[in-house]
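For reference, the structure discussed in these notes is given below.
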Amino acid sequence: MMSSIVLKSLNILNFKNWEECALLFSESINCFLGPNGVGKTNLIDAIHYLCTTKSFLTHTDAHMIRQGSDFVMIKGLFDRSGQEDEILLSLKKNEKKVLKRNDVEYTKLSDHIGLLPVVVISPMDSNLIHEGSEERRKVTDLILSLADGLYLHHLLRYNRLLQQRNAYLKEAVPSRKLRADILGLYDEQMEPLAAYIHEARQTFWGKTKKWLSDFYYKIAETDERVSIQYQSDLDQGPLGMLLEQSIQRDTEVLYTSKGIHRDDLEMHLNGNPIKKFGSQGQQKSFLIAMKLAMYAVLKEKTALPPILLFDDIFDKLDQERTKHVIRLVREMKFGQVFLTDTHPERSMQLAGQFDVNACFYHIRADQKVEKL
Ligand SMILES: Nc1ncnc2c1ncn2[C@@H]1O[C@H](COP(=O)(O)OP(=O)(O)O)[C@@H](O)[C@H]1O
Ligand SMILES: [Mg+2]
């Protein structure tokens, strides 16, 4: 039997603009079609929630509760290489969200991450180019957490120690009670965690970089050179050494000025930063190629084709490049795909060529869904 992950059905109650919705899916490609504002992107986000416990749009869970309602529920039935898993996410107003797998509640939400690998490609990806380094670290951390349970565990511990170290600096320096031996205890614990995370990120971006050039060429069919470069303080040496060297500075600024929490990713087109020198179309093609490259590396790591969520990919891409993206996804032996489009004919034509088992969901302005 082939290994695969398939979302067979989705049931939602009071999720964002959806009061109630129940859908059955194809194991190949599923297209949510309809005018702006009917809730297509929200359906993609509901699937993202089930796989990662988080939205790809907002950091505030309370926003998922439909206005005027006091709870939300999302339920998905997944088939993982023959094993069925019912994942249920619910949230009541002013309470913490609850996640259950086959009726058993998770004690820690992070225990769920990795069960259902997923990659989302959306217009929000432009934040990766235009926003600060935190966005780039976040996308790296999510995908590495999906691929490797130890990564998330180490990252959470590192972040907790970092917070404690910063709090200690803030408290002990002004009151002149700073002790090098206490600071050293934090450094000692952080060093191996940072080393693990650094190595994982370096390996991941190294592999992604190789796929990126190939994918960009297949989408854009130009000889433009694209590249990414992972950058970390730890490229200079182990964390313990860096922290020792920066102790003077840390006691001045009252936070930890070196470490993997400052890592970044540079993105280049023909040797120049894509942020300044890339056109909108080039940036869009770059981001799709990069996300598909990340998908390829995640797939290699988990030995499973992750679920692929494509929100409004066709926007800002001309017809040729759109066709190339579809062809590339098909070549890559993708798993289950969900996409959204405001132009039903375009998607029906493209997805129809792509796979005869494609399913189309026409969402009307009154949110009735018609399946074709
Ligand atoms: N918590 C919420 N309660 C009610 N409506 C919401 C909530 N969150 C988002 N919406 C509405 O959902 C709609 C957008 O849905 P979206 O999935 O982005 O549409 P589409 O992708 O089809 O253009 C907007 O009209 C927005 O106001
Ligand atoms: Mg949308």
Checklist outcome for this item: In the stretch 277-372, taking the dipole from +1 charges on Lys and Arg beta carbons and -1 charges on Asp and Glu beta carbons about the Cα centre, the listed residue (THR302, MET290, VAL369) farthest towards the positive end is THR302
Checklist entry - If you take the square roots of the eigenvalues of the alpha-carbon gyration tensor of the stretch 90-170 and sort them as a ≥ b ≥ c, do you get rounded (a/c under 1.5), prolate (a/b over b/c) or oblate? => result oblate
Checklist outcome for this item: The size of the Cβ-based charge dipole (Lys, Arg +1; Asp, Glu -1) of the stretch 75-144 about the Cα centre, to the nearest 20 debye, is 280 debye
Checklist outcome for this item: From DSSP H assignment alone, runs of 4+ in the chain each adding -39500 (n - 2.57), the sum over residues rounded to the nearest 500 puts [θ] at 222 nm at -14500 deg cm²/dmol
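Tell me, what does the Kirkwood hydrodynamic radius of the chain come to in angstroms if you use every pair of distinct C-alpha atoms? Could the numbers behind the result be given before it?
Values: mean 1/r = 0.0450 Å⁻¹.
It is 22.2 Å.
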Item to check | Gyration tensor (alpha-carbon) shape descriptor, the stretch 1-105, a/c threshold 1.5 | outcome: oblate
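Rank-order 294-303, 359-368 by packing density, defined as the average count of other C-beta atoms within 10 Å over each peptide's residues, highest first.
On the way: 294-303: 19.0, 359-368: 14.6.
Ranking the peptides 294-303, 359-368 by packing returns 294-303, 359-368.
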Checklist entry - ³J(HN,Hα) across the stretch 196-202 via Karplus (A = 6.51, B = -1.76, C = 1.60, θ = phi - 60°), whole Hz, x for Gly/Pro? => result 5, 5, 4, 4, 5, 5, 4
Next on the checklist: Taking a ≥ b ≥ c as the square roots of the Cα gyration tensor eigenvalues, with a/c under 1.5 meaning rounded and otherwise prolate when a/b beats b/c, else oblate, which class fits the stretch 25-169?
Outcome noted: rounded
Item to check | Point-to-point label distance, TYR255-GLU131, nm (Cα→Cβ direction, 7 Å offset) | outcome: 1.7 nm
Checklist entry - Between the stretch 236-259 and the stretch 355-370, what is the C-alpha centre distance in whole Å? => result 55 Å
Item to check | Restraint check, LYS207/LYS284; LYS258/LYS291; LYS54/LYS92, Cα-Cα greater than 18 Å | outcome: LYS207/LYS284; LYS258/LYS291
Checklist entry - When DSSP assigns beta bridges and you keep just the ones with both residues in the chain, what percent turn out antiparallel, to the nearest 5? => result 70 percent
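Placing unit charges on C-beta atoms (Lys and Arg positive, Asp and Glu negative, everything else neutral), compute the dipole magnitude of the chain about its Cα centre in debye, rounded to 20.
Numbers: 49 positive and 50 negative charges, 51 e Å.
For the chain, the charge dipole is close to 240 debye.
In the structure displayed, which of LYS323/LYS371; LYS138/LYS299; LYS299/LYS371; LYS97/LYS368 lie more than 21 Å apart, Cα to Cα? Don't jump to the answer; show the numbers that get you there.
Details: LYS323/LYS371 24 Å; LYS138/LYS299 19 Å; LYS299/LYS371 30 Å; LYS97/LYS368 28 Å.
Violating the 21 Å limit, Cα to Cα: LYS323/LYS371; LYS299/LYS371; LYS97/LYS368.
Is there a quick way to get the dipole size of the stretch 126-176? I mean about its Cα centre, with the Cβ of Lys and Arg at +1 and of Asp and Glu at -1; what is the value in debye to the nearest 20?
Values: 8 positive and 6 negative charges, 64 e Å.
Using Cβ point charges on Lys, Arg, Asp and Glu, the stretch 126-176 gives about 300 debye.
Every read-out reported here was derived from the displayed coordinates using simple, explicitly stated rules and does not represent laboratory data. In this text the structure is predicted, and so the values were computed from the model without any measurement. Here Cβ is always computed from backbone atoms with ideal geometry, including for glycine, and neighbour counts include all displayed protein chains.
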